[in-house]
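Remarks on the structure that follows.
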Amino acid sequence: MTGVGENGVVQQETADGAILFDAHALTQGEHFDSRWFDAGFWRAQDRATEAPGGRGGIVFAHTPHGDWALRHYRRGGLVARILGDRYLWNSAERTRSFAEFHLLHVLAARGFDVSQPIAARYCRQGMFYSADLITRFIPGTTTLAWRIRHDEVDLPTLARVGEAIATLHAAGVFHADLNAHNVLVGADKVWLIDFDRGRLRPIEWTWRRANLVRLKRSLEKIDKAEGGDAAAVAVWWEPLMSAYIGEWQRRMPGTKP
């Protein structure tokens with residue numbers, strides 16, 4: 001185990017990998033127990049609940065250190081049939097979990113509305129590794145997807161979503177999977193979550209547009225599943241984009257929104 005860094009992050013070596021954790025999330029000097037990444041550990045103590053609101057694969061753990069959201073990294077699509085939850089090893093810092101932890105730690109420190117990272121780990125098996133991430137549970141929220149499905153989205157909410165995305169874009173924050181399931185909506189605030197493969201990039205319209213297109217497609221997919229039509233998506237999209245443009249111009253005057 002290394003010492004606590006200036007940013008409060010500790011790296012703790014394990015038998016098959018390593019753990020990063022925020023020392024401020026634990027009692028001073030406490031080690032991070034690798035069992036805490038295991039949803040089964042918390043279920044056995046009746047301290048775990050499945051995440052509502054469309055957050056598949058997320059488990060909430062009600063721990064002595066507060067409420068946490070546990071996520072095990074899993075592949076999607078056809079590759080998942082072959083590799084399951086394994087990823088090709090490159091280096092510790094390029095593991096999905098460590099990269100996302102570091103990005104979230106930077107963004108949270110800068111005051112952005114994202115999940116606060118608690119801990120990340122990787123377990124290496126030869127040429128491959130598996131990974132986990134723990135973030136602070138954000139109470140009183142549901143996903144934008146859930147809100148749309150239950151007809152609980154209004155114009156102020158859509159405006160806050162647009163503003164939140166513009167705020168991150170203006171800081172060069174790229175979200176690799178911006179969709180309605182990765183937007184958490186509270187009573188008067190919006191958080192963006194799941195920054196797997198996200199990163200800081202030079203500000204360009206190309207990737208910003210790709211982010212927005214991906215979000216719009218997710219809204220269209222939700223609407224189609226509910227038997228809606230394109231007109232309904234426009235009702236959601238127009239105020240969202242109006243707020244996005246307004247916030248972009250406020251933060252980046254004189255540049256293309």
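For region 109-207, taking the reciprocal of the average inverse distance between every pair of different Cα atoms yields a Kirkwood hydrodynamic radius of 15.0 Å.
Relative to the longest principal Cα axis of the chain, at what angle does helix 155-170 sit, 0 to 90 degrees, rounded to 10? The helix 155-170 is inclined about 60 degrees to the chain. Here the contact order of region 142-251, divided by its residue count and restricted to Cα pairs under 8 Å and six or more residues apart, works out to 40 percent. If R0 is 45 Å, the Cβ-Cβ spacing of residue 33 and residue 255 corresponds to a FRET efficiency of close to 0.45. For region 65-201, the relative contact order is 26 percent, taking Cα pairs closer than 8 Å that sit 6 or more residues apart in sequence and dividing their mean separation by the residue count. Each of 62, 31 has some number of other Cβ atoms within 10 Å of its Cβ, and from fewest to most they run 31, 62.
Considering region 142-251 at the alpha-carbon level, its Rg and Dmax are found to be 13.1, 39 Å. In terms of surrounding Cβ atoms within a 10 Å radius of their Cβ, 71, 208, 35 rank from fewest to most as 35, 208, 71. Once the mean of 1/r is taken over each pair of separate Cα atoms and inverted, the chain shows a Kirkwood hydrodynamic radius of 19.4 Å. For region 68-108, the gyration tensor built on C-alpha atoms gives an oblate shape. Its axis ratio a/c (a ≥ b ≥ c) is at least 1.5, and a/b is not larger than b/c.
Just to confirm the number: angle between the C-alpha axis of helix 230-251 and the first principal axis of the chain, 0 to 90 degrees, nearest 10? Here the helix axis deviates by roughly 70 degrees. Within the listed set 233, 173, 79, the Gaussian network model of the chain (springs between alpha-carbon atoms below 10 Å) gives the highest mean-square fluctuation for 79. The calculated FRET efficiency for residue 230 paired with residue 7, based on their beta-carbon distance and R0 = 35 Å, is about 0.15.
Under the classification rounded if a/c is under 1.5, otherwise prolate if a/b is larger than b/c and oblate if not, where does region 9-136 fall, given a ≥ b ≥ c as square roots of the Cα gyration tensor eigenvalues? Verdict is rounded for region 9-136.
We did not get these values from a lab; they are worked out from the coordinates using the rules stated. No experiment lies behind these values; they were computed from the predicted model shown. Note: ideal-geometry Cβ built from the backbone for every residue, glycine included; neighbour counts use all protein chains shown.
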